[in-house]
Amino acid sequence: QVELVESGGGLVQPGGSLRLSCAASGSIFSTLNMAWYRQAPGNERELVARIWNVGRTDYVDSVKGRFTISRDSAKNTVYLQMNSLKPEDTAVFYCNAQISPYGSGTYQNFWGQGLQVTVSS
């Protein structure tokens, strides 16, 4: 039906930058929002940033001013530009989208496979 494919994770030094990408493909009628979550070892998965179809964005306080979420609606792709990375940003990052597949009549929750982001010197 719908698939989310992520790219861009890896190892970066403190203070460095990474850009994550997530492309949605398949039987997509409408997308309500796309988001990035993260989960560090021993922690619950948390919302990092979300962008709505009307352009509104939401961020967790710990990344405000450092991370920027953006979206290319024509490509059904969401990006997360991460600057001034800190060791505490180390986590598996997951792409999430609320998408209505053709014929479903409702928005459904879809997840990517997860990307490791490690911030370490």
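The values are calculated or read from the model by the stated rules, or taken from the named source; none is laboratory data. What you see is a predicted model; the values in this text were computed from it and never measured. Every residue, glycine as well, gets a Cβ built from its backbone with ideal geometry; the counts of neighbours run over all protein chains shown. Each accessible area value is taken on the protein alone, full model and side chains, heavy atoms only, with ligands, DNA and RNA left out. Shrake-Rupley method; radii C 1.70, N 1.55, O 1.52, S 1.80 Å.
Values as computed for the structure displayed
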quantity: Filter result for SER100 (of a type in the set (S, T, N, Q), out of contact with any His (no Cβ under 6 Å at 6 or more places or on another chain) and open to solvent by 50 Å² or more (accessible area, probe 1.4 Å)); calculated: no
quantity: Test: residue in segment 51-70 that is in a strand (DSSP E or B), in contact with a Pro (Cβ under 8 Å, 6 or more places away or on another chain) and either among the charged types (D, E, K, R) or open to solvent by 40 Å² or more (accessible area, probe 1.4 Å) (or both); calculated: no
quantity: Unmet requirement for MET34, which otherwise passes all of (1) under 11 Å from the mean Cα position of the chain (by Cα); (2) of a type outside the set (Asp, Glu); (3) surrounded by fewer than 16 Cβ atoms within 10 Å (Cβ to Cβ); calculated: (3)
quantity: Filter result for LEU115 (over 13 Å from GLU6 (Cα atoms) and of a type in the set (A, V, I, L, M, F, W, C)); calculated: no
quantity: Count - residues of segment 1-26 that are at pLDDT 95 or above and farther than 15 Å from GLN113 by Cα; calculated: 10
